[in-house]
Structures are given as C-alpha cells and as structure tokens.
1. Counting residues in the chain as N, plug N into 2.2 N^0.38 Å and put the Cα Rg over that result.
2. Pull out the extension gain between ILE84 and ASP99, defined as 0.36 nm times the separation in residues minus the alpha carbon to alpha carbon distance; nm, one decimal.
3. Taking a point 7 angstrom from the Cα of THR34 along the C-beta vector, which residues in the stretch 100-144 have backbone N less than 12 Å away?
4. Relative contact order for the chain: what percent, with Cα pairs under 8 Å and sequence separation of 6 or more?
5. Counting C-alpha atoms alone, how compact is the stretch 38-119: give Rg to one decimal and Dmax as a whole number, in angstrom.
6. Sorted by mean Cβ packing within 10 Å, highest first, what order do the peptides 144-154, 78-88 take?
7. Counting helices only, and only those DSSP H runs with n ≥ 4, report the 222 nm mean residue ellipticity of the chain as the sum of -39,500 (n - 2.57) divided by its residues, in deg cm²/dmol to the nearest 500.
Amino acid sequence: MFLGPALFAQTAPDSARAELKNAEGQVVGQAVLTDAPQGVLLHLTLTDVPEGTHAFHIHAVGKCEPPFTTAGGHFNPATKQHGIENAMGMHAGDLPNIDVPASRRLTFDAFDRDITIKAGPNSVFDADGSAIVIHQGKDDYKSDPAGNAGARIVCGVITKP
C-alpha cells in the first residue's frame, strides 16, 4: 500500500536540528534533538566555544540576531520560575551547565523531559519557534529569571529537518 507524501506532511518530525553560531556569525557547533518517550534528547557537538563553564538553555524565540536577545527568555510554557535548584522552578528550557575544555571542543548529550518536538503545549515548534543559547558564564541554578549567566555568546535556531 502506498501512503504517499500527504501522510508524512501530517506527521510530526522525530528529530530537529540547530546550527550554532557565535556573534560574528561563525558556525561553532551543531545540535540534534531527538524525540524520546519521556522528552527530548539533545546531542551537541561544539567545535569552537570559549573554554570554561557556560549556561546552556533553550530560549523561547527562534531568532538569533547578535547579541542574541532576539531569542527571548528561557522556554517556559508552564510559566515557572528559573532554576534547577529553585523550589518554584524550573523552566522547560533550563538545562545543566556545560564545561568546555581548553581545546574549545566538546561533544555531549543532555535530556529535557519538559519539551517536545511534536505538536503540543511544550513544543519547541510553537508560533515563534525556539533557539538553543549558550551563555558567557555559568547558571547559578536558582536566580530568576535567567540564573545570572551573563551575555549570550552562541545561538542556534531549532529547525525541522
């Protein structure tokens, strides 16, 4: 039985991607988001990100114009407070800090149980899309609204394949 392209047009994607760029527009990494039964697995490969500990979040708007404030605040469809350690938190886009070594290269996986790449209230593909953002400093995991993480140094719009 041939199902044709119409069936696939109605099916939500099972993966998504983001090309990560710095403020100068240089590609400094890639992200692949894969749907899982209890959330989304994020696989990131960073190729030229400054050494150090950096906050890593999903932001609410799929727009990455330097200095990346166009990406809006953290993805937060449930209107919670910020922070993995915040008793009132956490945003759906709050993720653990990353530690980039002196080589400026890092490959890692993270899991976010509060987002989806399928249709629904927690979809990163809402009306204005979403973006992955890496900040200059580390997230303190409790300060609302953004964890005192500093400037946004890397951004990538999440797109369907």
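A short reminder: the numbers here are calculations on the coordinates, not readings from a lab. Since the structure is predicted, the reported quantities are computational estimates derived from the model, not experimental observations. Virtual Cβ from ideal backbone geometry, glycine too; neighbours counted across all protein chains shown.
1. Working: Rg = 15.6 Å, N = 161, 2.2 N^0.38 = 15.2 Å.
In units of the globular-protein estimate, the chain measures up at 1.03.
2. Length gained between ILE84 and ASP99: 3.7 nm.
3. Zone members listed by number: 109-110.
4. Working: 430 pairs, mean separation 48.7, N = 161.
Contact order relative to length: 30 percent.
5. 13.6, 39
6. Numbers: 144-154: 18.5, 78-88: 15.0.
Highest to lowest by the protection proxy: 144-154, 78-88.
7. Numbers: 1 runs with 7 residues, N = 161.
When only DSSP H runs of four or more count, the value is -1000 deg cm²/dmol.
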